[in-house]
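Accompanying notes for the structure given below.
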Amino acid sequence: MLQPLADQFLDYLTLELGASEQTRCAYGADLEALLDHLDRQGVSSLNRVTREMLLDFLLAERERGLASASVSRRLVAIKMFFRYCRREGLLASDVTEVMDSPRLIRALPDVLTPEEVDRLLNAPDPEQPLGLRDIAILELFYASGLRVSELAGLRLTDLHLDEGYLRCTGKGRKERVVPAGRRAIDALRRYLGEVRPSLDPGGAEAVFLTRQRHPFSRKGLWWMIRQHARTAGITKKISPHTLRHSFASHLLANGASLRVIQEMLGHADIATTQIYTHVDSSRLKSVHHQFHPRA
């Protein structure tokens, strides 16, 4: 009963947060150890898990010789898992909220250079119908900074191309307006006019449809982007979230304010957006080195 929830969470780590395969495996091992412990206790529902059960598990792990750093990471994995399940409505209350976890240094997100973005956007074949679809998807990802779940969930009624924007539903079912650039809108119009009618089984609401005439899944979008990144010769590990990070970082590099970027990304707290000030520190160093007389 609990393993499918853990698998769903691990997919979220990879597809939504852009976590590496190494991180996914590490968190997967942490959760597997926890689920084995709960299974031995006869617990088959997260709603039956108590704070005391989790503390007993962590203490048992420490007593069997697990290093303190590994125990701390297990607690982080558990807290993220429970927070995810609570946000998705799979858990009545999160007992880990009152459990302390160590302060972690947040890893800076991978971003593409503008040149790498150009190569990725030019990777699909515009002479092929599905190439036109993939161009529209990639252009929209980079133009809007949408989460992969937001793009997968886009409906035709969410598009307002004449006005130059779209509506999307983000975390917490919050709706926001997101502007789309001219190139993304042009690519969308061409896809909607030339390609989508042949993919629509009749009355489909989703904007983007697969060859099998189904709405795209998050995993399907992730796989498609990886394929085109390989074609473009991009060796960085790339996911839909990489385009979201690149969108925000490039906006900041060209003078957009953090508050505006926060609104576009749908971040509830500007502290989440401030990570991009660290990503763009290389630009500041470059400017200092170029213009400061004693650099």
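The values are calculated or read from the model by the stated rules, or taken from the named source; none is laboratory data. Owing to the predicted nature of the structure, the values given are computational and were not obtained by experimental measurement. Backbone-built Cβ (ideal geometry, glycine too); neighbour counts: all protein chains shown.
The residues of region 249-258 that are farther than 15 Å from VAL111 by Cα and either touching a Ser or Thr at 6+ places or on another chain (Cβ under 8 Å) or crowded, with 19+ Cβ neighbours inside 10 Å (or both) amount to a single one, LEU258. The residue list ARG155, ARG167, ARG189 contains one member that is surrounded by fewer than 22 Cβ atoms within 10 Å (Cβ to Cβ), closer than 23 Å to HIS250 by Cα and among the basic types (Lys, Arg), which is ARG167.
Results for (1) within 22 Å of GLN3 (Cβ to Cβ); (2) free of Cβ contacts under 8 Å to residues at least 24 places away in the same chain; (3) more than 23 Å from the chain's Cα centre (by Cα), shown as yes or no for each residue.
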| residue | (1), (2), (3) |
| --- | --- |
| ASN47 | yes, no, yes |
| ASP56 | yes, yes, yes |
| ALA67 | no, yes, yes |
| ILE78 | yes, no, no |
| TYR84 | yes, no, no |
| LEU90 | yes, no, no |
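Output the helices (runs of 4 or more DSSP H) that fall wholly within region 187-259 and possess 1 or more residues being basic (Lys, Arg) and without any contact (Cβ under 8 Å) to a residue 40 or more places away in the chain, or say none.
218-231
All conditions in (1) in contact with a Ser or Thr (Cβ under 9 Å, 6 or more places away or on another chain); (2) at pLDDT below 75 hold for VAL287, with the sole exception of (1). Is it fair to say ASP134 is out of contact with any Pro (no Cβ under 6 Å at 6 or more places or on another chain) and assigned to a helix (DSSP H, G or I)? Judged against the criteria, ASP134 is not a match.
Which residues, taken from region 260-270, are free of Cβ contacts under 8 Å to residues at least 12 places away in the same chain and assigned to a loop (DSSP other than H, G, I, E, B)?
Of all residues in region 260-270, those free of Cβ contacts under 8 Å to residues at least 12 places away in the same chain come to 260, 262, 267, 269.
Within region 260-270, HIS267, ASP269 meet the criteria.
Just so you know, in region 16-42 the residues that are modelled with pLDDT under 90 and of a type in the set (A, V, I, L, M) include one that is surrounded by the fewest Cβ atoms within 10 Å (Cβ to Cβ), and it is LEU17. Residue count for region 1-47, restricted to those that are in contact with a Leu (Cβ under 6 Å, 6 or more places away or on another chain), within 30 Å of ILE238 (Cβ to Cβ) and assigned to a helix (DSSP H, G or I): 3.
Kindly indicate whether any position in region 121-129 is touching a Leu at 6+ places or on another chain (Cβ under 9 Å) and within 25 Å of ILE275 (Cβ to Cβ). So far as region 121-129 goes, yes, one or more of its residues are touching a Leu at 6+ places or on another chain (Cβ under 9 Å) and within 25 Å of ILE275 (Cβ to Cβ).
Within region 138-171, can you find the residues that are among the β-branched types (Val, Ile, Thr), touching a residue at least 40 places away in the same chain (Cβ under 8 Å) and within 16 Å of GLU16 (Cβ to Cβ)?
To start, the set of residues in region 138-171 that are among the β-branched types (Val, Ile, Thr) comprises 148, 157, 169.
Within this subset, residues satisfying the condition of being touching a residue at least 40 places away in the same chain (Cβ under 8 Å) are 148, 157.
Answer for region 138-171, where residues must be among the β-branched types (Val, Ile, Thr), touching a residue at least 40 places away in the same chain (Cβ under 8 Å) and within 16 Å of GLU16 (Cβ to Cβ): just VAL148.
Under the condition of being touching a Phe, Trp or Tyr at 6+ places or on another chain (Cβ under 6 Å) and within 18 Å of VAL195 (Cβ to Cβ), the residues counted in region 138-156 number 1.
Taken over region 149-186, the criterion of being in a helix (DSSP H, G or I) and not acidic (Asp, Glu) is satisfied by SER149, LEU151, ALA152, LEU156, THR157, LYS171, GLY172, ARG173, ARG182, ARG183, ALA184, ILE185.
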